[in-house]
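One structure is given here, and the rest of the page talks about it.
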């Protein structure tokens, strides 16, 4: 009887230890994932000109505004500018195209804790940015978007990725030579490039409200 008692006791103790280890691992992974997720916001907060742009976005737009921006600015717009966006998180298919998805630990954490966005919405965002203004306005109006937010050179550095998501070859629209970016003839009609190079490409349906070199804020003018 005594032997059976100790066997049962050690079995229970082993189960408890395993549970404690698994819970500790779960908590450690959750903390690490949160730190990785917040790294983007920390970058924005430390990047010269970005905090000021998000602050101005709140000042210049009504409370119920929906902001056009690439999805990875979405959390900052929501948390710092207190405005709504189309999407603030990557969809599973978009996340698989990101470099972080090739980190095995981050991949595991994302599958367990990740918040996933809408693939349809992210593809619509990419199409808005890549289409000529008249065509992108139709999609923006469907989402009731009223203002636009872009950053230089950040959105230029993401341009090939945005073009890829929309189903285009970025090199056909933007020439890149080191840190120098120049729209091609085809690219001069692209909505995103017209916003980034507004002094030469002059967007028609956007009124610029703010431009301090890093960030630009536009009001959208529907016909």
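Overview of values
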| item | result |
| --- | --- |
| Per-selection metrics, the range 48-220 (Cα): Rg and Dmax in Å | 15.8, 46 |
| Spin-label model distance (nm) - residue 144 vs residue 176, 7 Å beyond Cα toward Cβ | 3.6 |
| Per residue convex hull volume, Cα atoms of the range 161-204, in Å³ | 76 |
| FRET efficiency, 1/(1 + (r/R0)^6) with R0 35 Å, evaluated for residue 58 and residue 164 via beta carbons | 0.65 |
| Estimated inter-spin distance, residue 46 and residue 214, nm [label 7 Å along Cα→Cβ] | 1.3 |
| Percent RCO, i.e. relative contact order, over the range 48-220, from Cα pairs under 8 Å lying at least 6 residues apart | 23 |
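Read-outs: derived from the displayed coordinates by stated rules, not from any lab. Remember, it's a predicted structure, so these values are computed and weren't measured experimentally. Please note: Cβ atoms are built from the backbone with ideal geometry, for glycine as well, and neighbour counts cover all protein chains shown.
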